[in-house]
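*Asks:* Got a structure here, written out as structure tokens. Questions coming.
The values are calculated or read from the model by the stated rules, or taken from the named source; none is laboratory data. These figures come from a predicted structure and were not determined experimentally. Glycine gets a Cβ as well: all are built from the backbone with ideal geometry, and neighbour counts include every protein chain shown.
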């Protein structure tokens, strides 16, 4: 299989950092109260992932094996600082809402994990693409979880889109239903755990269905080969 | 560490699950009558809504899981969980509160963990805590007992109230909560907690019209009615005395300790027993055979710890009552308790 295709499948589905590796759960559960919060953090994480993967891949032949982890962490921290300053400059309100979770991207295991497991062993083009796909996979889950919680909790979608996308996006907000007593559980962290569990369960169901279908295909093949097994003895 | 344990009953029992569950449901009846007598017909409507929701939810999920629906529905466990949740929430809460709560109890707390026998947490209390956290306003709108209420309300009013938020004569929940003295009434536990936090002594707190002596009007009778049902359960050997006994004893001892030290700030053990949901919790909720401890020693520890937690949360915590939280906390400890309290097998020395 083409390496790019393989990387896409790994990042978006088979090895999704949020749903399969369960990495970076802290920001995942803490900030996904709305779609935009999730999207903002997702984009920030993706940028850091791409940057750190590229840099780590570039320096991979010069880094002494014994101190590679501190070096990777410094690279990641540098990129997080860049992203943090950029958000501070261009999306100040979102920067305030996400608060501590932007600097905390440094500690997101998904990033150091990709640096260690992939970028430090592969050429720069693949490493960059891997960072993009892993970041996208993470962002998609952030957005989906944010949508679930925002819909259940506030009855809206895309509240505060202008914080991330500029003033024109104010009209993007969709009010699905209005309620006087919001479903607080969905907005609180326990709701994030429940939502995350449901998402993982849904993924497992889909995987099982796919597996079942493949098995049925393979069973047909086995029947065809049954006639020639005697010749090996 | 292997945490599996052969579950009770280890003795032969002629009752099946359905019969046990039904007996518990029957034992609730005196309490439900008392609750209806003092707090209006809302309770009955909540019970009805809860049971319908529970049976529908359970059926749908069992169909999805391709289980034998008819057999499982007939064990009445879903009905019992729904009933316990319905009598725990304020009688005039809007209909969607109990529907959401029951759905959560059955679908998430019970069936997602694998159904009856596999649920780690008490379904009724899981649903209750979810509701309390999600809808604090609806879940704390308790009515004063009818004898103290400024507005009387009948069955029709209860139906209107639950489904529309207004009685047939147009009163809303806040107006119904006003007592004879023209002040919104809280539950006995809530009113004492508020008064204490404002620097009043207990003697002053007891002058609130909801009290007669140290007992909340109506609340004490409801507790006694559930006590009667609970004793019936012990008499018919549906539950053992270990959990309710140790739970009540621990609560009495612990609150008695406080009471002895400073009777003006810490309420007496009798106050803790008769107001709030300690009795119903001890006999009907903590005794859930699935999510509670199974060994004899374990049951004593389990019950005592719940009693302890209730007093801790009532005295220092943010919530006036604590049975649901206490039960859920100890549900988490059950595997550990059962692991360390395995009875000695005959012929083996105690380790």
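*Asks:* Filtering region B:107-126 down to residues that are under 19 Å from residue A:196 (Cα atoms) and in a helix (DSSP H, G or I), which residue is nearest to the other protein chains (Cβ to nearest Cβ)?
*Replies:* B:108
*Asks:* Go through region A:150-160 residue by residue and tally those that are within 19 Å of residue A:43 (Cα to Cα) and either within 14 Å of another protein chain (Cβ to nearest Cβ) or not in a helix (DSSP H, G or I) (or both).
*Replies:* Number satisfying all stated conditions: 4.
*Asks:* Exactly one condition in (1) modelled with pLDDT under 90; (2) touching a helix residue (DSSP H, G or I) at 6+ places or on another chain (Cβ under 7 Å); (3) surrounded by fewer than 20 Cβ atoms within 10 Å (Cβ to Cβ) is not met by residue A:114; state its number.
*Replies:* With (1) modelled with pLDDT under 90; (2) touching a helix residue (DSSP H, G or I) at 6+ places or on another chain (Cβ under 7 Å); (3) surrounded by fewer than 20 Cβ atoms within 10 Å (Cβ to Cβ) applied to residue A:114, the lone miss is (3).
*Asks:* When you scan region A:117-135, how many residues do you find that are touching a helix residue (DSSP H, G or I) at 6+ places or on another chain (Cβ under 6 Å) and within 18 Å of residue A:45 (Cβ to Cβ)?
*Replies:* Total satisfying the criteria: 11.
*Asks:* Now for a different question. Given (1) touching a strand residue (DSSP E or B) at 6+ places or on another chain (Cβ under 7 Å); (2) farther than 20 Å from residue B:271 by Cα, where does residue B:243 come up short, assuming only one miss?
*Replies:* Going through (1) touching a strand residue (DSSP E or B) at 6+ places or on another chain (Cβ under 7 Å); (2) farther than 20 Å from residue B:271 by Cα one by one, residue B:243 breaks only (1).
*Asks:* Next question, about the same structure. Considering only region B:158-177, how many residues are more than 25 Å from the chain's Cα centre (by Cα), touching a residue at least 12 places away in the same chain (Cβ under 8 Å) and not in a helix (DSSP H, G or I)?
*Replies:* Of the residues in that region, 4 qualify.
*Asks:* What helices (runs of 4 or more DSSP H) lie completely within region A:37-128 and have 2 or more residues being farther than 30 Å from residue A:166 by Cα and in contact (Cβ under 8 Å) with a residue 60 or more places away in the chain?
*Replies:* Where helices (runs of 4 or more DSSP H) fall fully within region A:37-128 and carry at least 2 residues being farther than 30 Å from residue A:166 by Cα and in contact (Cβ under 8 Å) with a residue 60 or more places away in the chain, they are A:109-117.
*Asks:* Separate question: So which of B:73, B:89, B:60 ends up being under 24 Å from residue A:202 (Cβ atoms) and modelled with pLDDT under 95? Working first, answer last.
*Replies:* On the way: B:73 fails: under 24 Å from residue A:202 (Cβ atoms); B:89 fails: under 24 Å from residue A:202 (Cβ atoms).
Exactly one residue qualifies, and that residue is B:60.
*Asks:* Here is a follow-up. If residue B:161 passes every condition in (1) modelled with pLDDT of 80 or more; (2) under 21 Å from residue B:222 (Cα atoms) but one, which one does it miss?
*Replies:* The failed condition is (2).
*Asks:* I need a count of the residues in region A:175-186 that are modelled with pLDDT of 80 or more and either out of contact with any helix residue (DSSP H, G or I) (no Cβ under 8 Å at 6 or more places or on another chain) or more than 9 Å from every other protein chain (Cβ to nearest Cβ) (or both).
*Replies:* So the count comes out to 4.
*Asks:* Can you tell me which residue among B:142, B:219 is farther than 20 Å from residue B:270 by Cα and out of contact with any strand residue (DSSP E or B) (no Cβ under 9 Å at 6 or more places or on another chain)?
*Replies:* B:142
*Asks:* While we're looking at this one, here's another question. Can you tell which of A:163, A:172, A:198, A:212 is away from chain B (no Cβ under 14 Å) and surrounded by fewer than 15 Cβ atoms within 10 Å (Cβ to Cβ)?
*Replies:* So the residue among A:163, A:172, A:198, A:212 that is away from chain B (no Cβ under 14 Å) and surrounded by fewer than 15 Cβ atoms within 10 Å (Cβ to Cβ) is A:212.
*Asks:* Quick test for you: out of B:223, B:240, B:209, B:268, pick the one residue that is surrounded by fewer than 18 Cβ atoms within 10 Å (Cβ to Cβ), closer than 17 Å to residue B:311 by Cβ and touching a residue at least 12 places away in the same chain (Cβ under 8 Å).
*Replies:* B:268
*Asks:* Given (1) within 14 Å of another protein chain (Cβ to nearest Cβ); (2) touching a residue at least 12 places away in the same chain (Cβ under 8 Å); (3) more than 29 Å from residue B:237 (Cα to Cα); (4) within 17 Å of the chain's Cα centre (by Cα), identify the lone condition not met by residue B:65.
*Replies:* For residue B:65, the failing item is (4).
*Asks:* Here's a follow-up. Report the residue count in region B:129-155 for those that are assigned to a helix (DSSP H, G or I) and either closer than 25 Å to residue B:167 by Cα or away from chain A (no Cβ under 14 Å) (or both).
*Replies:* Residues that pass the stated criteria total 8.
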